[in-house]
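In what follows, a single structure is set out as C-alpha cells and then discussed.
The values are calculated or read from the model by the stated rules, or taken from the named source; none is laboratory data. This is a predicted model, so every value here is computed, not measured. Glycine gets a Cβ as well: all are built from the backbone with ideal geometry, and neighbour counts include every protein chain shown. Just the protein is used for accessible areas: all its heavy atoms, side chains included, with ligands, DNA and RNA removed. Shrake-Rupley method; radii C 1.70, N 1.55, O 1.52, S 1.80 Å.
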Amino acid sequence: MKAQNEIDVLICGAGAAGLTLAIDLARRGISFRIIEKLEEPFGGSRGKGLQPRTQEVFEDLGIIDRIMAAGGVYPPMRTYREDGSYAENRFEAPEPSPDVPYFIPLMIPQFLTEAVMRERLAELGHRVEFGTALVDFEQGAGDVRACVTTPHGEASIDARFLVGADGGRSLVRGALGVDFPGKTLGARAIVADVRLTGLDRDAWHQFNDGDMERLVMVCPLAGTDLFQVQAPIPLTGAPDLSPEGLERLIAERTGRTDIAVHSVSWSSAYAMNARLADRYRVGRIFLVGDAAHIHPPTGGQGLNTSVQDAYNLGWKIASVLKGAPDTLLDTYEEERRPIAADVLGLSTRLLERQREQGAMQRGRDTHQLDLNYRESSLSHDEGRRPNGPAAGDRMPDAILAGAAGQPRRLFDVLTGPHWTLLLSNPVYRPVAVSREGLRVVTVGDEAEMRDPSRQLELADGNCILIRPDGYVAATFDAPKIDDIDGYLTRVFPSGHS
C-alpha cells in the first residue's frame, strides 16, 4: 500500500457539505484532500432550494453571483382541480431590507450548485479526487491514518483530522460506532429529473393536492431544460422510473394524456426518515451533513443545513491547526447538533401538515436567518444592548458609508476568513487590540465607517466581535482591551494573543 504525504484534513465526500468545507479550508491555507467514491460528479437535482442564510454563506465563499446566474426564483405553484381548472399561488416573499440582502429562496439543481463549487475550488488550487473511496481508518493520538482505494490501487493517507461528509449511509459514522437514532416517517416518494412536453415552464404544477396516494408535482428546474417529477409512492414495491413508467404514473394521476416523458437523466426512490447522530465529534474525526442528520425534504432544509455545518466547522479546524485551544472543536457539536434537532422537528411538522392540509407551507422559519448560537459557550454578552443582535445571533447586513462618503455594505467588511471587531468611536484611531486574523473597524461620525441610519444599534464606546461565520461572538460595553484579549485567547492561536 503506497503511503501518502501527511495533510491537515481528509474530507470524505464531495457533496455540498464536503465542498463547502474544502473551499473554506483552501482560502485559509490549510492542506487537505477531498475524496469521493463516485467516479463522476453527482448528477441529480435533489437539494434544489437554497435558503437566504445559505446564500449569505455563498457570498462569503465568493460564489453567490455564479449561483444566482445559474439558478432562478421559484415559479408560482399551480394547483389543478378535478375539472382541469387551477389556482395559482406565488411563494410568499418579504420586502427586501438592508439587513437581509437575500430574502427569498433560490432554485438551482444540486448538480449545478456543486459544479459552481468545484469551479471555485479549482480557482483556489484544489480538485475533488473522484473514484477514491475510504475503506478503513485508524485514529491515533495526533493523527488519523486512512486506507483508500483509488483508480491506481490502494493508498494510505495520514491526516490530522478526518471529516465524514459521506451521506446518510456514512461509512465514517458506522466505523466509529456512532448511533443514528430516529424513525421512519411512513412515507416514500420518487424524484426524477426528466425531459417532457405538455406542461409549460412558468409554473410548478401540482395535481391532487392533499391526496397522498394520487399527488404528483412537476417543477421546471431553473437553469436547465429539465423538469423535476415528485410523487409519493407505496411503502413497498419497486417503482418503474423509466420514461414510460413515469409517463404512465403522470397520466394515471392527472388524467391527462398530453404529457409525454422523453428521457430521464436521474431518478431516485426513497423512504423518508428523521435521524440524528448521537455525536458529531469522536476525537479527531467529525461528521457533517447527511452523515450527521437526515430528514424529509419538506421545507427545503437538507442541503442548507449541511452547508452550514461545514461553514461552522471550517474556521474552527483552521484555528486549532494554527494553535488555538483544541476545546474550540467541541463547540462544533455543541452549536450544530441542536440546530439539526430543530430542523428535523420543523421538516417533520411540515410533512405532517402537508399530509393533513395539502399545499406546501414555507415561511421565515425555513429561511434559517433566525437560527442562533445564543446558548453556545462561545457566546458572551457583556454589553447590555436593548436593541440589535445578541451574542450567538446572525449579524445582519447594514448599509454604511466609508470615510470618503462612498456606500459600503457591512457584509463587504465581514467577507473573508477573518474575525471582525466593530468599535464605536467618534473618530478613527489605531487600536492596540489589532492582531493577525482580526479586522478592527471603527464606526463613528469621523471614523473609518459611518452608520448614518443607526442600523448597527452600536452605542458610543461599545463594540461587537463577529466570528468568521458571520455570527456575533461577543458584545462589550466599552473597548476594554483585557476583556477582548481574554475572549480571543479561547479562539485564536496562542502566538497571536
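The table below lists the values:
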{"item": "Answer residue from the stretch 84-93, given it is part of a loop (DSSP other than H, G, I, E, B) and open to solvent by 60 Å² or more (accessible area, probe 1.4 Å) and is farthest from PRO220 (Cα to Cα) among those", "result": "GLU92"}
{"item": "Odd one out for THR348 among (1) modelled with pLDDT of 85 or more; (2) open to solvent by 10 Å² or more (accessible area, probe 1.4 Å)", "result": "(1)"}
{"item": "Among (1) modelled with pLDDT of 85 or more; (2) closer than 27 Å to GLU335 by Cα - the single one ASP482 does not satisfy", "result": "(1)"}
{"item": "Residue count for the stretch 138-158, restricted to those that are open to solvent by less than 20 Å² (accessible area, probe 1.4 Å) and of a type in the set (Gly, Ala, Ser)", "result": "3"}
{"item": "Pairs with Cβ under 7 Å, 6+ apart, first in the stretch 460-473 and without any contact (Cβ under 8 Å) to a residue 60 or more places away in the chain, second assigned to a strand (DSSP E or B)", "result": "ASP460/SER424; GLY461/SER424; LEU465/TRP419; LEU465/LEU421; LEU465/ALA473; LEU465/ALA474"}
{"item": "Test: residue in the stretch 137-158 that is closer than 30 Å to LEU249 by Cα and at pLDDT 95 or above", "result": "no"}
{"item": "Cross-chain or 6+ apart pairs with Cβ under 8 Å, the stretch 99-111 first and in a loop (DSSP other than H, G, I, E, B), then of a type in the set (Gly, Ala, Ser) and open to solvent by 50 Å² or more (accessible area, probe 1.4 Å)", "result": "PHE103/ALA93; ILE104/ALA93; ILE108/GLY223; PRO109/GLY223"}
{"item": "Considering residues of the stretch 64-83 that are over 18 Å from the mean Cα position of the chain (by Cα) and without any contact (Cβ under 8 Å) to a residue 40 or more places away in the chain only, the residue least open to solvent (accessible area, probe 1.4 Å)", "result": "ALA69"}
{"item": "Residue among ILE190, ILE250 that alone is buried (at least 20 other Cβ atoms within 10 Å of the Cβ) and not in a strand (DSSP E or B)", "result": "ILE250"}
{"item": "Restricting the stretch 112-137 to residues that are out of contact with any strand residue (DSSP E or B) (no Cβ under 8 Å at 6 or more places or on another chain) and more than 20 Å from ARG28 (Cα to Cα), the residue that is surrounded by the fewest Cβ atoms within 10 Å (Cβ to Cβ)", "result": "ALA115"}
{"item": "Members of the stretch 249-287 that are small (Gly, Ala, Ser), modelled with pLDDT of 95 or more and touching a helix residue (DSSP H, G or I) at 6+ places or on another chain (Cβ under 7 Å)", "result": "ALA260, SER263, ALA277"}
{"item": "Residues satisfying the stated conditions in the stretch 395-432, i.e. over 29 Å from ASN312 (Cα atoms) and polar (S, T, N, Q)", "result": "GLN406, ASN425"}
{"item": "Residues (part of a strand (DSSP E or B) and open to solvent by less than 40 Å² (accessible area, probe 1.4 Å)) located in the stretch 159-187", "result": "ALA159, PHE161, LEU162, VAL163, GLY164, LEU185, ALA187"}
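Yes/no per residue for (1) surrounded by fewer than 24 Cβ atoms within 10 Å (Cβ to Cβ); (2) modelled with pLDDT of 95 or more; (3) closer than 13 Å to HIS126 by Cα:
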| site | (1), (2), (3) |
| --- | --- |
| LYS2 | yes, no, no |
| ILE7 | yes, yes, no |
| CYS12 | no, yes, no |
| LEU19 | no, yes, yes |
| ALA22 | no, yes, yes |
| LEU25 | no, yes, yes |
| SER31 | yes, yes, yes |
| ILE34 | no, yes, yes |
| PRO41 | yes, yes, no |
